[in-house]
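Trainee: Below you'll find the structure I mean.
Rule-based calculations on the coordinates, nothing more; no lab input. All of these numbers come straight from a predicted model, not from anything done at the bench. Glycine gets a Cβ as well: all are built from the backbone with ideal geometry, and neighbour counts include every protein chain shown.
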Amino acid sequence: MKKKAILMVLLLLAFCQAALASDAAKLTLPSGMNNPMTIRYPELANAPAPALVEEGLRATYEEFAGSGREETTERGTHTSGESPGVGLVQVDVVALEGGKAATWTSTYAPDPTNGAMKTINTYGSVNPVGCGDFWCNPAVLRSIPDNAGKDLAVSRGTYDLNGQQYDVIRFYYTSSQGIVLGMIYDLDTGIMLHHTADFASSFAPENGVTVTRKQNAILTLRNLRQVNIPWTEGSVPSWAVAGRVLSYQGQHAFWLPQLPDVAPTLSALGSQLAIQDVHDRFAEGRQQTYTQDAIQPAYVPMVSGVAQLMGFWVPNEALSLGPGLVDSDPDTGMKVSVIQSGPEGVIMEKTNDVNYKLLALYDASGKLVQTSLETYSGTAAAQRDDLQLTG
């Protein structure tokens with residue numbers, strides 16, 4: 001139920017994104033909602049990044065997500081809802097270039113049986129360096145007046161987090177579409193400490209019943225750390241050009257570990273990654289995954305930057321890495337390692353050693369040519385997605 005609640009909120013937020021933008025070059029928050037800050041305060045779009053924001057920086061937020069439903073009739077209102085879900089959202093700064101910040105967001109939910117964190121959603125974003133997914137330039141924040149307008153409330157005060165008190169500025173924004181956003185920024189560093197996103201939508205009355213669906217997410221900063229990137233330089237490979245499409249084909253396997261004599265269920269699987277825009281230190285694109293059930297699959301905004309582990313390309317320096325652990329995340333338990341490397345390519349692995357393992361094979365040009373993702377739901381079910389580059 002907890003994982004379902006988080007997924008429902010993510011699906012809603014993805015719908016809101018699709019309605020407002022069509023690729024990674026949009027303003028987002030850790031919840032996935034579009035950030036109104038640079039629209040209301042254009043000076044943020046031209047400001048420099050805060051001193052703390054560098055390539056490889058990762059912000060981890062604890063997320064509480066829930067959903068509810070109201071049915072209103074002449075007799076009154078009946079309310080029902082899902083149990084709130086608890087998870088983590090991580091945002092990585094994978095490149096800074098030309099006044100833009102490329103970020104990669106991953107959402108994790110705990111397994112209900114063993115509590116291990118498993119990736120359930122990922123996407124990329126591109127923002128102005130002055131106001132990214134989890135930060136805004138602190139000098140500009142300090143200059144913003146309290147009187148903002150009917151749809152945006154601004155106030156100052158203090159905020160307690162993990163035993164430390166911060167001087168903060170608070171923003172509460174209400175849109176005409178029923179979206180309510182709350183953002184609390186540290187005035188010293190510009191880092192977002194707390195964020196809320198609420199959305200309500202009502203359906204036209206049918207048979208005298210009006211249905212209102214509500215979604216909400218509460219995110220609180222848990223950790224801020226520099227990810228260990230095993231290469232110090234690099235640029236987008238020459239094969240990654242705007243308009244190129246990387247096509248992958250493979251299969252999805254599902255099986256029950258408790259029934260070893262039952263053969264896995266197999267189905268066709270495909271994926272396309274279309275490169276839309278290329279810079280020196282990062283590339284933007286969109287990815288679509290095709291299954292036998294999906295007629296027109298939704299796309300996921302993608303970025304891959306020089307300070308990103310397990311992107312769709314790696315720099316030449318990766319080919320000379322020796323096998324071993326690259327980074328271990330204290331919040332999710334995920335470990336990234338080099339399994340094998342040489343002049344023909346490199347194999348990297350991301351795993352929590354419990355119920356999630358992603359293998360990625362890159363060729364001599366740094367291109368992602370093969371992936372294998374194996375996940376488990378407790379001890380009851382297992383699945384593996386295998387994909388290989390075909391064009």
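Trainee: May I ask you to list the aspartates and glutamates whose Cα is less than 19 Å away from that of Lys150, ignoring any residue fewer than eight positions away on the same chain?
Mentor: Asp198
Trainee: I'd like the Karplus ³J(HN,Hα) series for segment 87-93: coefficients 6.51, -1.76, 1.60, θ = phi - 60°, whole numbers in Hz, and an x wherever there's a Gly or Pro.
Mentor: x, 10, 10, 10, 10, 9, 8
Trainee: For each of Arg156, Arg222, count neighbouring Cβ atoms within 10 Å of the residue's Cβ, then give the residues from fewest to most.
Mentor: Ordered from fewest to most neighbouring Cβ atoms within 10 Å, Arg156, Arg222 come out as Arg156, Arg222.
Trainee: If you add up the charges near Pro315, with Lys and Arg at +1 and Asp and Glu at -1, over every other residue whose beta carbon is less than 11 angstrom from its beta carbon, what do you get?
Mentor: Summing Lys and Arg as +1 and Asp and Glu as -1 gives -1.
Trainee: Which length gain, in nm to one decimal place, applies between Gln292 and Asp167 when the Cα-Cα distance is subtracted from 0.36 nm times their residue separation?
Mentor: Here the answer is 39.8 nm.
Trainee: For a footprinting-style exposure proxy, rank Arg142, Arg40 by other Cβ within 10 Å, fewest first.
Mentor: Arg142, Arg40
Trainee: Quick one: net charge around Thr332, please, counting Lys, Arg +1 and Asp, Glu -1 for every other residue with C-beta under 13 Å from its C-beta.
Mentor: Neighbourhood net charge equals -2.
Trainee: What ³J(HN,Hα) values, in whole Hz, does the Karplus curve 6.51 cos²θ - 1.76 cosθ + 1.60 give for segment 372-378 when θ = phi - 60°, with x put for Gly and Pro?
Mentor: Per residue, the Karplus-derived 3J(HN,Hα) values read 9, 10, 10, 9, 10, 10, x Hz.
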